[in-house]
1. About its Cα centre, what dipole magnitude does the chain give when the only charges are +1 on Lys and Arg Cβ and -1 on Asp and Glu Cβ, stated in debye to the nearest 20?
2. Pick out which of 77, 58, 67 has the largest mean-square fluctuation in a Gaussian network model of the chain, springs linking Cα atoms closer than 10 Å.
3. Would you calculate, for the chain, the mean residue ellipticity at 222 nm contributed by helices, counting each DSSP H stretch of 4 or more residues as -39,500 (n - 2.57) and dividing by all residues, to the nearest 500?
4. Of 33/90; 91/128; 13/33; 32/90, which pairs sit farther than 29 Å apart, going by alpha carbon to alpha carbon?
5. What does the extension gain come out to for residue 5 and residue 55, with contour length at 0.36 nm per residue minus their alpha carbon separation?
6. Let me make sure I get this right: for the range 14-96, a, b and c are the square roots of the gyration tensor eigenvalues over alpha carbons, sorted descending. Under 1.5 in a/c it's rounded, otherwise prolate if a/b > b/c, else oblate. Which is it?
7. Dividing the alpha-carbon radius of gyration of the range 89-138 by 2.2 N^0.38 Å (N being the number of residues), what value is obtained?
8. What fraction of the DSSP beta bridges in the chain is antiparallel, stated in percent and rounded to the nearest 5?
Amino acid sequence: MISYYAENIKIPKMPKRKISAWIKDIAAQNGKKTGEIAYIFCSDDRILEMNKQYLNHDYYTDVITFDYGEMDTISGDIFISMDTVASNAKKFNTTSENELYRVVIHGILHLCGFNDKSASDEIIMREKENEALRRLYT
């Protein structure tokens, strides 16, 4: 089950059934089944708090993924800062909707085992994101 929540902000408008089907499709493409996945949309302040508390990072980010998966089933909580999504959309000259979907699938790709810590891993992650976005828009 994929669920969507908001903490002290308005939940973003998006076609949840379509997005959930897309998420399941991308997981399947990567050899995974979806278990319990919760998206929590929040503010920059909340994501900074989460970053400090759980990851010992003192900076803002667009997404934090907590992985609870086992074997071939992905499960987790994915926190998304809508403030950072909006500022990144401007920074990267894209729509807020496109940037939101990129971050949504970014969290799923982390649950599927992809990382973006090194430069080479980041290239692979961007390719996977772009491939997933093409699938969403076709």
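1. The dipole magnitude comes to about 620 debye.
2. Between 77, 58, 67, it is 58 that shows the largest mean-square fluctuation.
3. Result for the chain, helices only: -16500 deg cm²/dmol.
4. With Cα atoms farther than 29 Å apart: 33/90; 32/90.
5. 15.8 nm
6. oblate
7. That ratio works out to 1.12.
8. 30
The values are calculated or read from the model by the stated rules, or taken from the named source; none is laboratory data. Model, not experiment: these values are computed from the prediction. Ideal geometry is used to build each Cβ from the backbone, glycine not excepted, and the neighbour counts take in all protein chains shown. Areas reflect the complete protein model, heavy atoms only, side chains present, ligands, DNA and RNA absent. Shrake-Rupley method; radii C 1.70, N 1.55, O 1.52, S 1.80 Å.
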